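Visitor: This is the structure, below, for whatever I ask next.
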Amino acid sequence: MKKLSLSVLLIFIFLVNSYAQILKVSDNHRYLVKKDNSPFLWLGDTAWELFHKLNREEATEYLENRAKKGFSVIQAVVLAEIEGLRSPNPYGEVPFKDLDPTQPNEAYFKHVDFIVNKAQELGLVIGMLPTWGDKIYSENPGAGPIVFNKENARVYGKFLGKRYKDKSIVWILGGDRNIANNEVLDIWRAMADGLKEGDGGKHLITFHPRGGTSSSKMLHNEEWLDFNMYQSGHHQRFINVYDYAKNDWEQQPVKLYVDGEPAYEDIAVKFWEYVDFSKPSKKRVPEGVLNNDGTIRDKSHFKDGFFTDYDIRVHAYWNLLSGACGYTYGNNAVWQMFKKGGEFAIPCLFDWQESLDRPGAFDIQNVRKILEPVFYKLLPDNSIISGQNPGGQNHICAAASSDFSIALIYLSTGQPVKTEMGKFQNRVKASWFNPRNGFKNKIGVFRNSGIFEFTPPSSGIGDDWLLVLETKQ
């Protein structure tokens, strides 16, 4: 009996390990689906330095944490930003021999393999960036070095495509850079062609641009671009992500889209104004700003403050109710896998392990709870809102199913909202969903005519609410 049980367990483990989520675009080009055509909600985390900075035990800890919190996609870079070509991984390995993309180092990629396989075991998809954008010429140079041309980009793409052909992967080109010229565009095209040649076209491809723009502005009509990605960035609170979404919603031909890098939790607002990137990491801010371990001591140096879990929620619901196929969370320490005493790109409040359980990461569970069952039915539709809808912190985003059997209205400051009840075909059951704790409380049943004003249980900065309106059967 024990032998039989062990055999069953081993078969189960094998089946789990061998199952890959090969994502596709839905028939209406508005959301992602799995192989069985069931909807897939992209809830990402920016773990850019995952392959480069974490050993296998640490990577397992990270991935298990994210799987438990309801994340579905992990965005990570093979050739990382922070000296990813010259600085070795925890096992002393660099990606290439002699900085040559046509000579991959097998030992380095075995570590990447481990992380990809572990993510797949946990039901996670890796949004894999073959390289950070500073390894290709751009108008915003980084540590680099620039190593790619049209020929070796295709070879490298084919290598990756073939290696991860049967894994839970979505390809993300770009890496925080825009297209500088036609020569650069040809390099990215070559890499995309190589990926498709290597994996037989199995996996979707998108492009991660520089902050404040979308791949749709540069690449929308590229055949290899399966969906758009924008980076709404870190320049202010209450970023108008709904405008990015509206722009991509209106593009022709129709392609789905996602905010691949919104404001990170715990990152300083407009951090670049307070950090001198020309200096070594611990010298990038004045003396006294950092503790001896490299964490931030004097937060007042960053005069615009820090993004919080509240900002995460605002941008998440604004994006998702504006037609995005998902949302990507980020934490300043986690993206760079910052360890106390170690190097960093941008100063951090905590290290990466302490940051795994920051409040904004837990909010992703509640996003998934309320939206996963219905997101694929929803279309952005602010016509349900009566009266003027301001921009800024009091902007209201609404979405509804085409038959108006359900509508969701996000109130970022708990502001009252007047709704057009005649949109519904029957009486309406109304509830408040609390994005901070995931609780849903019934308000009552209302007639489907006229205008009705709903007032949330609390209001103000940090007191956001989601109004859920469902047709009563």
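Visitor: Just checking, how many residues over the range 182-214 are polar (S, T, N, Q) and in contact with an Asp or Glu (Cβ under 9 Å, 6 or more places away or on another chain)? Even if it seems obvious, please write down each step before you answer.
Guide: Of all residues in the range 182-214, those polar (S, T, N, Q) come to 182, 206, 213-214.
Filter again for in contact with an Asp or Glu (Cβ under 9 Å, 6 or more places away or on another chain), leaving 206, 214.
Matching residues across the range 182-214 total 2.
Visitor: Would you confirm whether any residue within the range 462-471 is of a type in the set (Gly, Ala, Ser) and either modelled with pLDDT under 95 or touching a Lys or Arg at 6+ places or on another chain (Cβ under 9 Å) (or both)? Lay out the reasoning, then the answer.
Guide: Just the residues of the range 462-471 that are of a type in the set (Gly, Ala, Ser), to begin with: 462.
With either modelled with pLDDT under 95 or touching a Lys or Arg at 6+ places or on another chain (Cβ under 9 Å) (or both) added as a condition, the list becomes 462.
Yes, some residue in the range 462-471 is of a type in the set (Gly, Ala, Ser) and either modelled with pLDDT under 95 or touching a Lys or Arg at 6+ places or on another chain (Cβ under 9 Å) (or both).
Visitor: I would also like to ask the following. In this structure, is residue 120 surrounded by 15 or more Cβ atoms within 10 Å (Cβ to Cβ) and among the polar types (S, T, N, Q)? Let's see the steps before the verdict.
Guide: Values: surrounded by 15 or more Cβ atoms within 10 Å (Cβ to Cβ): yes; among the polar types (S, T, N, Q): yes.
So residue 120 fits the description; yes.
Visitor: Please state which one of 409, 396 is closer than 22 Å to residue 326 by Cβ, among the aliphatic types (A, V, I, L, M) and without any contact (Cβ under 8 Å) to a residue 40 or more places away in the chain. Talk me through it step by step, then tell me what you get.
Guide: Working: 409 fails: without any contact (Cβ under 8 Å) to a residue 40 or more places away in the chain.
None of the other options fit; the residue is 396.
Visitor: State which residue is farthest from residue 462 (Cα to Cα) when the search covers only the range 241-256 and only residues that are in contact with a Phe, Trp or Tyr (Cβ under 6 Å, 6 or more places away or on another chain) and not in a loop (DSSP other than H, G, I, E, B). Reasoning before the result, please.
Guide: The first filter runs over the range 241-256 and keeps only residues in contact with a Phe, Trp or Tyr (Cβ under 6 Å, 6 or more places away or on another chain), leaving 241-242, 244, 248, 255-256.
Applying the additional criterion that residues be not in a loop (DSSP other than H, G, I, E, B) yields 241-242, 244, 248.
Details: 241: 18, 242: 19, 244: 23, 248: 28 Å.
Among them, the one singled out is 248.
Visitor: Consider the range 310-338. How many of its residues are over 20 Å from residue 277 (Cβ atoms) and either touching a Cys at 6+ places or on another chain (Cβ under 7 Å) or surrounded by fewer than 18 Cβ atoms within 10 Å (Cβ to Cβ) (or both)?
Guide: Summing the residues that are over 20 Å from residue 277 (Cβ atoms) and either touching a Cys at 6+ places or on another chain (Cβ under 7 Å) or surrounded by fewer than 18 Cβ atoms within 10 Å (Cβ to Cβ) (or both) in the range 310-338 gives 4.
Visitor: Filter the range 100-134 down to residues that are assigned to a loop (DSSP other than H, G, I, E, B) and among the hydroxyl-bearing types (Ser, Thr, Tyr) and give me whichever is farthest from residue 19 (Cα to Cα). Spell out how you get there, then give the answer.
Guide: Kept after step one, since they are assigned to a loop (DSSP other than H, G, I, E, B), are these residues of the range 100-134: 100-103, 105, 122-124, 130-132.
Then drop every residue that is not among the hydroxyl-bearing types (Ser, Thr, Tyr), which leaves 102, 131.
Values: 102: 30, 131: 26 Å.
Residue satisfying both the conditions and the ranking: 102.
Residue by residue, here is whether (1) in contact with a Gly (Cβ under 9 Å, 6 or more places away or on another chain); (2) in contact (Cβ under 8 Å) with a residue 24 or more places away in the chain; (3) of a type in the set (Ser, Thr, Tyr) holds:
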residue: 250; (1), (2), (3): no, no, no
residue: 254; (1), (2), (3): no, yes, no
residue: 259; (1), (2), (3): yes, yes, no
residue: 267; (1), (2), (3): yes, yes, no
residue: 271; (1), (2), (3): no, yes, no
residue: 274; (1), (2), (3): no, yes, yes
residue: 283; (1), (2), (3): no, no, no
residue: 298; (1), (2), (3): yes, no, no
residue: 306; (1), (2), (3): no, yes, no
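Visitor: Just to be sure before I move on: is residue 326 closer than 30 Å to residue 470 by Cα and touching a residue at least 60 places away in the same chain (Cβ under 8 Å) in the structure I sent? Can you show your working first?
Guide: Details: closer than 30 Å to residue 470 by Cα: yes; touching a residue at least 60 places away in the same chain (Cβ under 8 Å): yes.
Criteria met by residue 326.
Visitor: Oh, and also: Yes or no: the range 346-357 includes at least one residue that is β-branched (Val, Ile, Thr) and either under 24 Å from the mean Cα position of the chain (by Cα) or part of a loop (DSSP other than H, G, I, E, B) (or both).
Guide: We begin by selecting, within the range 346-357, every residue β-branched (Val, Ile, Thr); these are 346.
Keeping just the survivors that are either under 24 Å from the mean Cα position of the chain (by Cα) or part of a loop (DSSP other than H, G, I, E, B) (or both) gives 346.
Among the residues of the range 346-357, at least one is β-branched (Val, Ile, Thr) and either under 24 Å from the mean Cα position of the chain (by Cα) or part of a loop (DSSP other than H, G, I, E, B) (or both), which makes the answer yes.
Visitor: Okay, moving on. Out of 327, 310, report the one residue that is outside any loop (DSSP other than H, G, I, E, B), touching a strand residue (DSSP E or B) at 6+ places or on another chain (Cβ under 7 Å) and of a type outside the set (Asp, Glu). Explain how you work it out, then say what you get.
Guide: Details: 310 fails: touching a strand residue (DSSP E or B) at 6+ places or on another chain (Cβ under 7 Å).
Answer to the check: 327.
Visitor: Something else now. Please verify whether the range 154-171 includes one or more residues that are polar (S, T, N, Q), in contact with a Lys or Arg (Cβ under 7 Å, 6 or more places away or on another chain), assigned by TED's automatic domain parsing to the domain that holds residue 46 and at pLDDT 95 or above. Outline the logic, then answer.
Guide: First, pick out the residues of the range 154-171 that are polar (S, T, N, Q): 168.
Retained after the next criterion (residues that are in contact with a Lys or Arg (Cβ under 7 Å, 6 or more places away or on another chain)): none.
No; the residues of the range 154-171 include none that is polar (S, T, N, Q), in contact with a Lys or Arg (Cβ under 7 Å, 6 or more places away or on another chain), assigned by TED's automatic domain parsing to the domain that holds residue 46 and at pLDDT 95 or above.
Visitor: Whether any residue in the range 430-439 is under 16 Å from residue 399 (Cβ atoms), touching a residue at least 60 places away in the same chain (Cβ under 8 Å), touching a helix residue (DSSP H, G or I) at 6+ places or on another chain (Cβ under 6 Å) and of a type in the set (A, V, I, L, M, F, W, C) is what I want to check.
Guide: yes
The values are calculated or read from the model by the stated rules, or taken from the named source; none is laboratory data. Model, not experiment: these values are computed from the prediction. Neighbour counts are summed over all protein chains in view; Cβ atoms, including those assigned to glycine, are modelled from backbone coordinates with ideal geometry.
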